[in-house]
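The values are calculated or read from the model by the stated rules, or taken from the named source; none is laboratory data. All values reported here derive from a predicted model rather than from experimental measurement. When the accessible area is computed, the model is the full protein with side chains, heavy atoms only, and any ligands, DNA or RNA have been set aside. Shrake-Rupley method; radii C 1.70, N 1.55, O 1.52, S 1.80 Å.
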Amino acid sequence: MTGSVSKGLEAIFGHTALPDGLFYRFPYALRLELGAQGVNRVASFLQAVDRARAVVRAVFVSAEMIKVVFAGIAPSPLTKADQELLRALRGTGFAPRLQSLERLPLEPGEEDFWGDGSETLYRYLCTTRPGATMADIDALIWSCCAQDVGIEPRIGLDVFLIDERRGLALHIYDDRGMDLIAMKRETIVEYHRAFGPWLLDYDRARMDATFAA
């Protein structure tokens with residue numbers, strides 16, 4: 001992505017910011033189940049991390065393929081000097097530094113969903129400088145899976161892993177699951193086969209109709 005983060009996303013995916021619920025917003029999409037049902041929280045969390053790492057390594061053969069985009073909702077301007085965000089990222093073991101920080105207005109209706117009307121909220125996007133390793137990506141995977149289960153370290157941001165060349169994006173929304181989308185069917189059809197047992201049963205019929213034919 002050259003220039004602003006939002007323009008790069010729009011050029012590839014048709015959205016200035018990747019929307020919530022990627023699976024339902026793109027025609028070529030997979031939704032995979034990560035955490036285990038009916039087991040203790042430790043086993044479920046570890047399964048979520050293991051599955052997420054396996055999918056990321058299958059989709060992105062090397063860390064050099066990955067463009068990391070962070071997204072968050074906040075009321076006040078964020079800057080590169082925002083120490084809370086930087087400390088949280090460093091706490092996960094993620095080493096690359098942030099760049100291209102950008103503030104966008106929320107889309108119509110989002111303000112009511114995210115806030116109570118007492119303050120103006122914005123969507124923030126940023127990327128990182130090149131040089132992320134798989135160890136850095138693993139740190140982000142941990143943070144995404146830990147987001148809602150009270151495990152530290154974690155960051156309060158959405159993390160999107162993007163392959164610009166293939167028009168592909170992966171989002172671990174929490175320890176329950178992840179969305180994998182692409183602009184072309186052939187880009188991810190092999191993952192429908194490879195990770196068939198992990199596909200979310202609730203949406204399996206739609207995925208089978210798209211990819212199994």
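Just 18, 161, 106 to compare: in a GNM of the chain, with alpha carbon springs under 10 Å, which one fluctuates most?
Largest GNM mean-square fluctuation: 106.
Just the number, please: carbon plus sulfur as a percent of the accessible area of the chain, 1.4 Å probe, no ligands or DNA/RNA counted.
52 percent
Rolling a 1.4 angstrom probe over the protein heavy atoms, how many square angstrom per residue are accessible across the chain?
On a per-residue basis, the chain sits at 49 Å².
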